[in-house]
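Have a look at the structure below before the remarks.
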Amino acid sequence: MSTSRWVSASMPYLAPREREQRDAWSAEAAALGRRGSQRIVHAGEVRAPAEVARLFDVPDGEPVVVRRRLILLDDEPNELTDTYYPVAIARGTPLAGAAKIRGGAVTLLGELGHVGALIREDVTADLPDEQEREALRLASTEPVLRLTRLTLDGDDKPIQVDRMVMPAQRQQLRYEIRIG
């Protein structure tokens, strides 16, 4: 398994792309001469976990749509990502299915009239649970970063929640903030 560190910036994942463009992950990896891919391990309606319910401001257990993915870098596990959407936005759309979305989910959200205007990210470090350890091929003592991203539209309504788990020793998160 590769031990190289991946430098990740959030900005490319927040703006809609053209339909004929690759998704942001594949494009970012290709620009660095690497191969980024993903495997959707589940898509559909689930009961909202407590944290997701709180961020969407709905009761615990309220139905939401989730896309659970294993993110691969050069065919090696790099990240686990669960992306949640309110059912009012995603039910009956490709967001609720397991097929690849041309241009990525953010592009489809934009086409559906839901464009992110404000992003909030929280990052914590922790040890992985057994499932995470297996999926990411980690030892029990290797820590992970947990990144939770809330995307709000121009009316401050939540349209997407991402919950990511990444091997800490293989990641560097980069934040660029322009003021004014």
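Overview of results
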| quantity | calculated |
| --- | --- |
| Test result for PRO128, at pLDDT 90 or above and either within 14 Å of the chain's Cα centre (by Cα) or farther than 23 Å from VAL46 by Cα (or both) | no |
| Neighbours by Cβ (under 6 Å, 6+ apart or cross-chain): first from the stretch 58-72, in contact (Cβ under 8 Å) with a residue 24 or more places away in the chain and within 17 Å of MET166 (Cβ to Cβ); second buried (at least 16 other Cβ atoms within 10 Å of the Cβ) and among the charged types (D, E, K, R) | ARG68/ASP82; ILE71/GLU79 |
| Long-range neighbours under 6 Å by Cβ, at least six apart or interchain, first residue under 20 Å from GLY44 (Cα atoms) within the stretch 93-122, second hydroxyl-bearing (Ser, Thr, Tyr) and crowded, with 16+ Cβ neighbours inside 10 Å | LEU95/TYR85 |
| Options THR93, THR151, THR83; residue that is of a type in the set (S, T, N, Q), within 25 Å of SER37 (Cα to Cα) and touching a Gly at 6+ places or on another chain (Cβ under 6 Å) | THR151 |
| GLU142 being over 25 Å from PRO63 (Cβ atoms), more than 15 Å from the chain's Cα centre (by Cα) and in contact (Cβ under 8 Å) with a residue 24 or more places away in the chain | yes |
| Subset tally (residues that are of a type outside the set (Gly, Ala, Ser) and under 18 Å from THR148 (Cβ atoms)) for the stretch 79-108 | 9 |
| Among the candidates ALA48, ALA29, ALA24, residue that is at pLDDT 95 or above and in contact with a Gly (Cβ under 8 Å, 6 or more places away or on another chain) | ALA48 |
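The values are calculated or read from the model by the stated rules, or taken from the named source; none is laboratory data. Source: prediction; values computed, not measured. Cβ coordinates were reconstructed from backbone atoms using ideal geometry, including for glycine residues, and neighbour counts include every protein chain displayed.
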